[in-house]
1. Cut-off is 10 Å between beta-carbons; in what order do ASP245, ASP143 appear when sorted fewest neighbours first?
2. If I take R0 = 45 Å and measure r between the Cβ atoms of ARG290 and PHE347 in this structure, what FRET efficiency does the formula 1/(1 + (r/R0)^6) give, to the nearest 0.05?
3. So for SER247, SER285, SER154, fewest C-beta neighbours within 10 Å to most, what's the order?
4. Using a simple spin-label model with points 7 Å from Cα along the Cα→Cβ vector, what separation in nm is obtained for ILE280 and ARG241?
5. Just to be sure I understand the model, the point goes 7 Å from the Cα along the line to the Cβ. What's the resulting HIS104 to ALA132 distance in nm?
6. In nm, to one decimal, how far is the THR354 label point from the ASP143 one, both placed 7 Å along Cα→Cβ?
7. Just the Cα atoms of segment 68-364: what Rg and Dmax do they give in Å?
8. Please arrange ILE295, ILE302 by how many other C-beta atoms lie within 10 Å of their C-beta, fewest to most.
Amino acid sequence: MAACLRCRRRLPLSPPAAPLEDDGLLSENLLRLPPQPSSLPRASAVCSRLLSDPAFRRRFRIHHRGSALLLGSFIHYPGITFQPAPDAPDRLPLEQFRLKLDDHYIALGCRHGLALFFLPIRLQVLVWDPLAGHQLRLAVPPDFEFQGAKGDISGAVLRAAGDVDHFRVVLVGCDGEQPRTALACVYSSETGVWGGCVSTPIPSEGLFIFRGEPAMLAGDRLHWSVTVAGSRGILKFDLDRQSLDLSLLPGDYYTPLSPEFTVVRAEGGRMGFLFLHRFIAELWSTKRNRDGVEIWTPGRSIELDKLLGLNSEKEPPQMIGYAEENNAVFFRAADADYMVHLESLQFNKLPKTTVGSYYHPFETVHTPVPSLRWRIKFWLCPLYNCNFGCHIPH
C-alpha cells in the first residue's frame with residue numbers, strides 16, 4: 001500500500017478488478033483539465049485504465065474542441081525538421097517528432113494531431129501520429145500513379161469531431177493528361193480502403209500546380225491554393241458531398257503579377273483570403289448578396305511594418321505558413337520569422353529559417369494518454385476524490 005502524501009489515505013498500487021464507483025467522478029475531473037501537457041495528470045493504474053478508454057478520449061477532444069494547442073511546426077526545406085512552439089514545461093521532446101525514413105518525402109500538412117507526408121519515389125502517403133508513435137503507409141490509388149512534371153499531388157488528413165480512433169486522407173492531384181482534370185480520392189481508416197475518384201475539369205491547358213501550401217479546412221470543405229496557367233485559384237473538396245470544384249480568385253487578384261495570397265479562416269469559420277502586397281496584408285471574405293450569390297468583400301488591412309517593427313525600405317515579408325486552428329499566419333522578414341494571430345494581432349518572433357522553407361503547424365487537442373512521459377505540474381489523487389493535488393508514487 002502507498003499513502004497519499006497530504007491526506008495520508010492508504011492507496012493500492014494496482015487497480016481493482018471491478019470498476020470503481022468513483023470512475024464517473026474521476027472522468028468528469030479529468031475532462032476539465034486544460035489540454036496543455038504541463039497540466040495533464042501522471043496517471044496511476046486506475047487513471048491509466050480510464051484515460052486509455054476510447055470513449056473518454058473522444059469526450060476529452062469534444063470538450064476541448066476549439067482550443068487546439070500549437071505544439072510546433074514541421075519546417076520543410078531543406079529536408080524536414082520540427083521546431084517546438086511552447087516554452088517549458090509544455091515543450092515536447094524533439095525525439096518524438098523525428099521521422100526516420102529512408103526515402104525522400106514531402107510534407108503535405110497536419111491536422112487533428114496527425115501529420116501527412118508524400119513519398120513520390122514509392123508513390124505512397126504516410127500518416128503519422130507523433131504523440132502515439134503510430135505510422136501507416138498507403139499506396140496511392142491507381143489513378144494517382146503519375147510522377148514528375150506530368151502531374152502534381154497534394155492531400156490532407158483529418159478526423160471527425162471527437163473521434164480518436166479513425167481518420168480520413170483526402171488525396172488531390174492532376175495527371176497532366178488532356179483534357180485537363182483535377183482528381184480527388186478519400187481513404188477511410190474505418191474501411192481500410194480508398195473510395196472512388198471524383199474529378200473536375202481544369203479550364204486551361206497551362207500548368208496546374210499546387211503552391212506547396214497545405215489544405216485549409218473551413219466547415220465541411222478543404223481548400224487548396226493552386227496556380228492554373230499563371231492565374232491563381234482555389235481547389236475545393238466538399239467532404240459531405242464528395243465533390244470537387246475549381247474557382248479563380250476575384251477580380252485582378254488572379255493576374256500573374258497579383259500579390260501573394262493564402263487561404264485562411266474568415267469570421268464565422270468561413271473560407272477567406274489573406275493577400276500580401278509588400279508590407280500590407282489584406283483580409284477578404286465571402287458573403288451572399290440579395291440574390292443569394294456569393295461575392296468577395298475586402299476586410300481589414302494589417303500594416304506589417306508597423307505591427308512587427310519592420311524597416312519598410314528593406315525586402316518585404318513573405319507568407320510561409322498558416323495555423324488554421326489558431327488562425328495565425330507565419331511570415332519571413334529580413335531579420336526573423338514571425339507568427340501573427342489574425343484576430344488579436346499578437347505575434348511571436350521566431351528563429352529565421354532558410355529561404356524557401358515552409359511551416360506546417362502541428363496543432364492538436366491533447367488526449368491524456370498515460371504512455372506519454374511528460375514532466376507534470378498537476379498531480380491527481382484518483383481513488384478518493386482528493387482535491388489537494390497529491391503525488392501518488394508508482
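1. ASP245, ASP143
2. 0.70
3. Numbers: SER247 14, SER285 17, SER154 26.
Result, fewest neighbours first: SER247, SER285, SER154.
4. About 3.5 nm separates the two model spin labels.
5. 3.2
6. 3.6
7. 18.8, 56
8. With the fewest neighbours first, ILE295, ILE302 line up as ILE295, ILE302.
No lab work stands behind these numbers, since they all come straight from the coordinates. Model, not experiment: these values are computed from the prediction. Methodologically, a virtual Cβ is constructed for each residue, glycine included, from the backbone with ideal geometry; neighbour enumeration extends over all protein chains shown.
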